[in-house]
1. Helix 42-66 versus the longest principal axis of the chain: what is the Cα-based angle in degrees, 0 to 90, to the nearest 10?
2. Between (1) 16.7, 55; (2) 14.9, 58; (3) 28.3, 87, which entry matches Rg and Dmax of the Cα atoms in Å as derived from the coordinates of this structure?
3. Among Ser4, Gln22, Ile70, which residue has its Cα positioned farthest towards the positive end of the charge dipole of the chain, with +1 placed on the Cβ of Lys and Arg, -1 on the Cβ of Asp and Glu, and the dipole taken about the Cα centre?
4. Magnitude of the Cβ-charge dipole of the chain, K/R +1 and D/E -1, about the Cα centre, nearest 20 debye?
5. Taking the Cα-to-Cβ direction at Leu10 and at Ala30 and moving 7 Å from each Cα, how far apart do the two end points lie in nm?
6. Using the basic label-point model (7 angstrom from Cα toward the beta carbon), what is the Lys46 to Glu23 distance in nanometres?
7. What FRET efficiency comes out for the pair Lys56/Ser3, r = Cβ-Cβ distance, R0 = 22 Å, nearest 0.05?
Amino acid sequence: MNSSARMEQLEVLRMQLGVLRQEHRDLDDAIRALEATGTADMLTVKRLKKQKLALKDKIAVLEDRVTPDIIA
């Protein structure tokens, strides 16, 4: 793969990372809002937390792909 294509691929990955991080923050805000009202459906909160964890896993995978390996 030439360097231009690699740079484009990295840029796409960075954009995906940004989107996933925003979704993660949005879910965090939604969970906090539901818990703050005191009338939160625990099943809904649990589902949102599960989605948040799945996003965190996806973020970690993409960060590993974007961050170059450094041999110490």
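Quick note: the coordinates plus some simple rules give every number you see, no bench work behind them. Source: prediction; values computed, not measured. Ideal geometry is used to build each Cβ from the backbone, glycine not excepted, and the neighbour counts take in all protein chains shown.
1. 10 degrees
2. Among (1) 16.7, 55; (2) 14.9, 58; (3) 28.3, 87, the one calculated here is (1).
3. Final value for the positive-end residue is Gln22.
4. 200 debye
5. Result for the modelled spin labels: 3.3 nm.
6. The modelled label-to-label distance comes out at 2.3 nm.
7. Efficiency, from the Cβ-Cβ distance: 0.10.
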